[in-house]
Amino acid sequence: MEQIQVDTPLAAKPQRGFNTADFVARFGPLIFLVVLMAAFTILNPRFLSADNLFNVMRQISITGLIAIGMTFVILTGGIDLSVGSLLAVAGIAAAIVAKGGNENTLSLAETTEQVGYGVVAAMTVAILVGLAGGFLQGLTITRLGVPAFVVTLGGLSAFRGATLLLSRGGPISGFDDSYKAIGQGRILATETFPGIPIPVLIFLGFALLAHIVLRYTRYGRYVYAVGGNREAARLSGLNVDLIIWSVYIIVGFFAGLGGFVLSSRLGASEVVAGVGYELTVIASVVIGGTSLFGGEGNVIGTVIGSILIGVLTNGLVLLNVSPYVQQIIIGVIIVLAVGFDRLVKSRRTV
C-alpha cells in the first residue's frame, strides 16, 4: 500500500500568549499618564487648556534635559546625585560671562551698559562647566574605583560650595533680552495660539537625538551591555571604564545646558537653583521604566516620566495641594516605581 507523506514543520514555534507583566512594564507609565490627565481634567477643566499644557512642558524642560543624561548613567547601573548643584554652578558661570563679572544685582531690570561677552559665550561656558564636572566625577569613579554614590554625593556639596563662592552668596541678574530669549521665547505664537516655548523644543530635540543614539548606534548598545552585565561586557572586549566615564560626561553636558536655560528663563542665576532636582530627575527616569539596576530602559520612557511628574505637580497645584504634600507624593512614587520594577521582572516569562 502506498504511504501518504504529510509535511510537518521542522520546528514548530510555541504560541506565546498575552504577557500581562510585559505589557504593563512597557505601557504602564503611558497609561498612568493618560489616566492622570483625565482625572485632573475632570477635577479642573482648566488643566487641559493649551496655555496650561505648554506651561507644564516648559516647567519640565530643565529637569527633562538632565533626565535624558541621567538615563545614560542609570542604564549603566550608576547614579548621579550632583546634577542640581552642577546646574547651579553652570548657571552662575554663564551669568558671570554674560555680565562680565560677578557683581550681584537684585533688580531684574536690564542694566544700562552691557560689558559682558554675549549669550553665545555664556551658553558655551555653562556647557563647558557641566562637561568638566562630569569629566572629573567620571574620572574619579573609573580610575580611583570610588562608588558613584559617594563621588556624586561629594559633588553635590562641592559644586554647591563653588556656586556660593563664584556668586559671592547672592543672585546675579539684570540680563539683556538676547540672554533671556532662549529661556522665555516662543515660536509660532498667534492671537489664538500661545506658541511653543523654546526650552520645550530644546528638550524634545535632545530627547530625539538621545533616543537615536541609544537605539541605533553601537555606542548605545555598549551602554546597555555594560548595564546588563558589566563583567560579561568586559570579557567581550568593551572598554567598560571608558563607557562609564562617558555617561557622566553626557549628564554633565545636560546639567550645564540646563543651567544656562534655567538662568535664561528666570532672568537670573541663583545660588539655590537646582535644589532638589536630583529627586525629580531620578524619579522621571525610574517612573519612565529605566531600571535602577541598569541595562533596561529608554529615553522615550524618560520623556513620559518627566511629563508625568510635571502633570502630577501641575495638577496638584491647580487643586491647591500643599507643596510639602507634593514632595511626599513624589517620594512615595519613586519607591513604588522601583518596587514595581522588581515585581514585574520577577514575573516575566523567559
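Residues considered: VAL251, VAL240, VAL226, VAL247. Of these, the only one that is within 21 Å of PHE293 (Cβ to Cβ), surrounded by 21 or more Cβ atoms within 10 Å (Cβ to Cβ), over 18 Å from the mean Cα position of the chain (by Cα) and not aromatic (Phe, Trp, Tyr) is VAL226.
Go through the range 204-223 and report how many residues are crowded, with 18+ Cβ neighbours inside 10 Å and under 20 Å from the mean Cα position of the chain (by Cα).
The total comes to 7.
This table checks each residue for (1) of a type in the set (S, T, N, Q); (2) assigned to a loop (DSSP other than H, G, I, E, B); (3) over 26 Å from LEU139 (Cβ atoms).
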site: SER246; (1), (2), (3): yes, no, no
site: SER263; (1), (2), (3): yes, no, yes
site: ILE300; (1), (2), (3): no, no, yes
site: GLY331; (1), (2), (3): no, no, yes
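Among all residues of the range 255-270, there is none that is surrounded by fewer than 21 Cβ atoms within 10 Å (Cβ to Cβ), of a type outside the set (D, E, K, R) and without any contact (Cβ under 8 Å) to a residue 60 or more places away in the chain.
Starting from residues that are within 18 Å of PRO29 (Cα to Cα), in contact with a Ser or Thr (Cβ under 9 Å, 6 or more places away or on another chain) and not hydrophobic (A, V, I, L, M, F, W, C), keep the ones in the range 274-293 and report whichever is modelled with the lowest pLDDT. Looking at residues that are within 18 Å of PRO29 (Cα to Cα), in contact with a Ser or Thr (Cβ under 9 Å, 6 or more places away or on another chain) and not hydrophobic (A, V, I, L, M, F, W, C), I get GLY289.
Out of the residues in the range 44-91 that are among the hydroxyl-bearing types (Ser, Thr, Tyr) and within 22 Å of GLU270 (Cα to Cα), state the one that is surrounded by the fewest Cβ atoms within 10 Å (Cβ to Cβ). Even if it seems obvious, please write down each step before you answer.
Here is the first cut: in the range 44-91, the residues among the hydroxyl-bearing types (Ser, Thr, Tyr) are 49, 61, 63, 71, 76, 82, 85.
Within this subset, residues satisfying the condition of being within 22 Å of GLU270 (Cα to Cα) are 61, 63, 82, 85.
Values: SER61: 24, THR63: 27, SER82: 28, SER85: 26.
Looking at the filtered set, the residue picked out is SER61.
Restricting the range 20-43 to residues that are touching a helix residue (DSSP H, G or I) at 6+ places or on another chain (Cβ under 6 Å) and at pLDDT below 90 leaves a set whose member that is surrounded by the most Cβ atoms within 10 Å (Cβ to Cβ) is PRO29. Taking the numbered list (1) closer than 24 Å to ARG143 by Cβ; (2) in contact with a His (Cβ under 8 Å, 6 or more places away or on another chain) in turn, ALA225 passes all entries but (2). Of all residues in the range 236-243, one or more are assigned to a helix (DSSP H, G or I) and either free of Cβ contacts under 8 Å to residues at least 60 places away in the same chain or under 30 Å from GLY169 (Cβ atoms) (or both). A search for C-beta distances below 7 Å between a residue of the range 117-139 that is closer than 15 Å to GLY154 by Cβ and any residue that is assigned to a helix (DSSP H, G or I) and of a type in the set (Ser, Thr, Tyr), counting only pairs 6+ apart in sequence or on different chains, returns GLY134/TYR248; GLN137/THR152; GLN137/TYR248; GLY138/TYR248. For the range 271-288, taking the residues that are small (Gly, Ala, Ser) and not in a helix (DSSP H, G or I), the one that is surrounded by the fewest Cβ atoms within 10 Å (Cβ to Cβ) is identified as GLY276. I need a count of the residues in the range 132-144 that are more than 22 Å from the chain's Cα centre (by Cα) and either closer than 16 Å to ASN239 by Cβ or of a type in the set (Asp, Glu) (or both). Within the range 132-144, residues that are more than 22 Å from the chain's Cα centre (by Cα) and either closer than 16 Å to ASN239 by Cβ or of a type in the set (Asp, Glu) (or both) number 2. With respect to the conditions (1) crowded, with 24+ Cβ neighbours inside 10 Å; (2) out of contact with any strand residue (DSSP E or B) (no Cβ under 8 Å at 6 or more places or on another chain); (3) under 17 Å from ALA255 (Cβ atoms), ALA98 lacks only one, and its number is (3).
Somewhere in the range 188-198, is a residue modelled with pLDDT of 95 or more and farther than 16 Å from ILE62 by Cβ? No, that holds for no residue.
Selection within the range 23-65: residues that are within 17 Å of LEU318 (Cα to Cα) and basic (Lys, Arg). The member of this set that is farthest from the chain's Cα centre (by Cα) is ARG46. Number of residues in the range 179-203 that are of a type in the set (A, V, I, L, M, F, W, C) and surrounded by 15 or more Cβ atoms within 10 Å (Cβ to Cβ): the value is 7.
Give me the residue from the range 53-89 that is outside any helix (DSSP H, G or I) and among the small types (Gly, Ala, Ser) and, out of that set, nearest to ILE202 (Cα to Cα). Steps first, please.
If we filter the range 53-89 for residues that are outside any helix (DSSP H, G or I), which is where we start, we get 76-82.
When the remaining residues are screened for being among the small types (Gly, Ala, Ser), the result is 77-78, 82.
On the way: GLY77: 27, GLY78: 25, SER82: 22 Å.
Here the answer is SER82.
Answer with yes or no whether GLU296 is of a type in the set (D, E, K, R), part of a helix (DSSP H, G or I) and closer than 30 Å to LEU144 by Cα. First the steps, then the outcome.
Working: of a type in the set (D, E, K, R): yes; part of a helix (DSSP H, G or I): no; closer than 30 Å to LEU144 by Cα: yes.
Here the answer is no, as GLU296 does not meet what is asked.
The values are calculated or read from the model by the stated rules, or taken from the named source; none is laboratory data. Computed from a predicted structure; not experimentally measured. In this analysis, Cβ positions are derived from the backbone assuming ideal geometry, glycine residues included, and neighbour counts consider all displayed protein chains.
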